1. Tally Lys and Arg at +1 and Asp and Glu at -1 over the other residues with C-beta under 11 Å from the C-beta of residue B:95: what net charge comes out?
2. Among B:36, B:247, B:102, determine the one that fluctuates most according to a GNM of chain B built with springs between C-alpha atoms less than 10 Å apart.
3. Magnitude of the Cβ-charge dipole of segment A:213-297, K/R +1 and D/E -1, about the Cα centre, nearest 20 debye?
4. Suppose only helical runs count, i.e. DSSP H with n ≥ 4. What mean residue ellipticity at 222 nm does that imply for chain B under -39500 (n - 2.57) per run, divided by all residues and rounded to the nearest 500 deg cm²/dmol?
5. Could you name the lysines whose alpha carbon sits less than 16 Å from that of residue B:259, not counting residues in the same chain fewer than 8 places away?
6. Taking beta carbons within 10 Å but only from partner chains, what does the mean come to for residues B:163-174?
7. Quick one: with label points 7 Å out along Cα→Cβ, list the inter-copy distances for residue B:239 in nm, shortest first?
8. Over chain B, what relative contact order in percent results from Cα pairs under 8 Å that are six or more residues apart?
Number of protein chains: 2
Amino acid sequence: MKTINPKDVSIAQFHSYLLGAVAPRPIAFASTVDKEGNVNLSPFSFFNVFGTNPPVLVFSPSRRVRDNTTKHSLDNVLEVPEVVINMVSFCMVEQMSLASTEYEKGVNEFVKSGFSEASSILVKPPRVKEAPVAFECKVLQVLPIGEGGGSANLVICEVLLAHISEQILDEKDQINPFKLDAVARMGGDWYCRAHGEALFEIAKPIRNKGIGVDNIPPYIRNSTVLTGNNLGRLGNCEQIPEAVEVEAYSGNHVIQEMKIRFKNDRESFDFHLHEYAKQVLESGDVITAWKILLQEKE
Amino acid sequence: MKTINPKDVSIAQFHSYLLGAVAPRPIAFASTVDKEGNVNLSPFSFFNVFGTNPPVLVFSPSRRVRDNTTKHSLDNVLEVPEVVINMVSFCMVEQMSLASTEYEKGVNEFVKSGFSEASSILVKPPRVKEAPVAFECKVLQVLPIGEGGGSANLVICEVLLAHISEQILDEKDQINPFKLDAVARMGGDWYCRAHGEALFEIAKPIRNKGIGVDNIPPYIRNSTVLTGNNLGRLGNCEQIPEAVEVEAYSGNHVIQEMKIRFKNDRESFDFHLHEYAKQVLESGDVITAWKILLQEKE
């Protein structure tokens with residue numbers, strides 16, 4: 001590992017490590033107004049949801065690293081403590097990037113980026129009509145952390161109203177991630193599109209308490225075939241099959257064939273047994289994978 | 001659009017909308033200790049970087065929606081205000097998910113999830129040896145927002161030291177997103193893997209000020225062929241090619257052929273011209289795309 005003390009490198013260099021490492025970051029496409037009512041629209045990837053009661057979103061228009069100036073969005077929420085946070089789908093990303101251009105104060109980035117203003121219901125800033133989701137928010141607090149270039153300004157927002165496009169909802173009224181087709185920021189000029197094969201599921205271990213990787217027998221845990229992800233899934237099982245169940249599975253024809261084929265070659269038998277278990281495990285059948293792995297003890 | 005006032009639906013329901021919409025969320029795999037030195041390791045997706053001077057990470061171990069209890073990680077940082085925030089690669093995700101199991105207080109999730117403790121240099125909690133990046137942090141402030149089930153607790157952390165695996169750095173000493181192979185949380189049980197074709201680049205419009213979508217001639221802007229992303233890229237151009245340059249390009253053989261083929265069919269000519277421009281634009285050649293689109297005026 002390379003160990004870096006932020007005090008030993010430039011702010012720009014450490015900034016680049018932070019943005020490369022903490023990724024992908026969701027994007028707040030924030031619409032604000034100044035006290036004259038001039039509209040600003042700008043994307044921020046120092047952003048996330050932090051609580052749901054009250055529903056809290058936080059974004060940071062940080063002070064610029066290069067010259068310690070502040071962004072119009074920050075000036076605006078200090079004048080009018082309201083914001084609409086719009087979410088960004090892949091089909092919006094190049095226009096959104098264009099809206100991050102540092103146009104002069106008073107220039108409306110809705111116009112420059114070609115998005116449409118839709119009136120909000122409870123706050124002054126308009127929402128982005130094309131966005132799949134928009135949150136009308138009041139700003140509870142602006143919390144600066146530091147005062148130099150690159151320092152954070154936590155804009156802590158309470159969601160007053162959510163607008164969600166019906167087109168991204170599934171039949172259970174939940175947001176479908178494939179339909180949302182969200183984009184997020186990575187380091188440098190990189191983005192991540194959350195869609196297709198990039199999406200996968202892991203059931204939350206809420207109701208069960210897995211035995212843990214520590215309770216997997218060492219000869220399985222130290223397998224050269226099984227990965228950390230395989231062990232994590234095996235350890236998430238609440239109970240290892242009992243001896244009688246393992247015995248009942250020994251008649252499985254794949255295992256019988258392996259026993260004949262590798263009769264005098266224990267190492268090859270173990271290797272193929274683990275490969276077989278891995279395949280079954282990755283197809284989602286954890287219990288059967290366990291039964292296969294436990295055949296090895298014979 | 002479906003409009004939802006959070007006060008009109010259950011906290012669990014709004015929670016689910018927030019988590020579905022604000023995505024993908026980076027994961028803080030947080031290692032903490034209590035005052036007796038018992039270690040806890042747990043993942044949080046209410047997390048991001050917020051500033052770089054000082055370098056600030058914020059995560060929220062929010063109060064549980066179902067019973068308003070707090071998490072061990074929160075109890076720990078209130079006792080010992082230090083944390084190591086580890087980043088999670090795809091190869092760690094199932095073990096990380098296992099570490100989110102609600103084991104009893106005092107149970108060390110490093111052991112249960114099969115990760116190795118590596119001693120930190122400046123703080124008491126150990127880091128995850130297998131993690132591609134680990135940030136040793138001191139907790140500056142814990143800011144609760146609300147007090148009911150689901151309410152946020154912003155744990156505001158200053159990074160004291162970063163550990164970065166050399167294996168994820170490129171030749172310019174920057175983090176390579178493909179090598180990082182990060183995972184992030186979506187709504188429900190969904191995750192996003194930031195790798196392969198999910199990653200793409202858009203140059204930041206820092207040095208230039210694009211003409212804006214508003215300055216794209218209406219007959220191009222209202223094209224049925226060009227997408228919002230196409231218009232965003234065209235609008236990010238600093239200057240439209242001049243008439244003499246457009247004229248010089250009219251000899252292009254593809255355009256000449258189109259002129260002959262669609263001599264008496266203006267609509268088809270426009271369609272094919274825009275298709276051609278779109279292809280050139282998406283290959284990255286914005287100026288040539290402009291020259292093609294401007295042929296239409298003839």
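Laboratory data are not the source of any read-out in this text; all were calculated from the coordinates shown. Keep in mind the model is a prediction, meaning the values are calculated, not measured. Every residue, glycine among them, receives a Cβ derived from its backbone with ideal geometry; neighbour counts consider all protein chains shown.
1. Values: positive: A:233, B:112; negative: B:94, B:109, B:130.
Around residue B:95, the surrounding residues sum to -1.
2. Taking springs between Cα atoms under 10 Å, the residue moving most is B:247.
3. Details: 9 positive and 13 negative charges, 40 e Å.
My answer is approximately 200 debye.
4. On the way: 11 runs with 88 residues, N = 298.
Computed ellipticity for chain B at 222 nm equals -8000 deg cm²/dmol.
5. B:291, B:297
6. Values: counts 4, 7, 2, 2, 1, 3, 3, 2, 0, 2, 4, 7.
The shielding value for this peptide is 3.
7. Its label point is 7.7 nm from the equivalent points in the other copies.
8. On the way: 525 pairs, mean separation 45.5, N = 298.
Over chain B, the number comes to 15 percent.
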